[in-house]
Amino acid sequence: MTTTPLEADTRAQVLRLLGDIAPEADLATLNPAVSFRDQLDLDSMDFLNFMVAIHKAFHIEIPESDYPKYMTLNGCLAQLAASRT
């Protein structure tokens, strides 16, 4: 599957935001289908800070009920792609 420049940029930006929240994490080994919390040992405040960072970086409103959709890299990228349509 080919990645568009926009998808690659979105992925890079999400990983940068995660790196700001969990600077000790090895994001190169991140499994895109596994929860950030499980892989990066994020607590609820870390995840909330990540949601705030996504909101600011991508200028989108994220209802709290949608937070679970952002818990994996795949889910996060899918939600961000859907927000552009």
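The values are calculated or read from the model by the stated rules, or taken from the named source; none is laboratory data. Worth saying up front: this structure is predicted, and the values here are computed from it rather than measured. Glycine also receives a Cβ, built like all others from the backbone with ideal geometry; neighbour counts cover every protein chain displayed. Side chains are part of the model used for accessible areas, which takes the heavy atoms of the whole protein and leaves out ligands, DNA and RNA. Shrake-Rupley method; radii C 1.70, N 1.55, O 1.52, S 1.80 Å.
Some points to look at:
- Here the accessible area is traced with a 1.4 Å probe on the protein chains. For the chain, carbon and sulfur cover 54 percent of it.
- In the chain, the alpha-carbon atoms span a convex hull of 96 Å³ per residue.
- Taking label points 7 Å from Cα along the Cα-to-Cβ direction, Arg16 and Ala33 give a separation of 2.9 nm.
- Full-stretch length increase - Asp26, Val52 - with 0.36 nm per residue and alpha-carbon distance subtracted: 7.2 nm
- Accessible surface, per residue, of the chain when the full set of protein chains is kept, probe 1.4 Å, Å²: 62
- Loop-located trypsin sites (Lys or Arg not before Pro) in the chain (DSSP state other than H, G, I, E, B) with a sparse environment of at most 12 neighbouring Cβ atoms within 10 Å: Arg84.
- For the chain, modelled as a GNM whose springs connect Cα atoms under 10 angstrom apart, the maximal fluctuation among Phe36, Phe47, Phe58 occurs at Phe58.
- Modelled label positions at Glu7 and Lys69, each set 7 Å beyond Cα in the direction of Cβ, lie 1.8 nm from each other.
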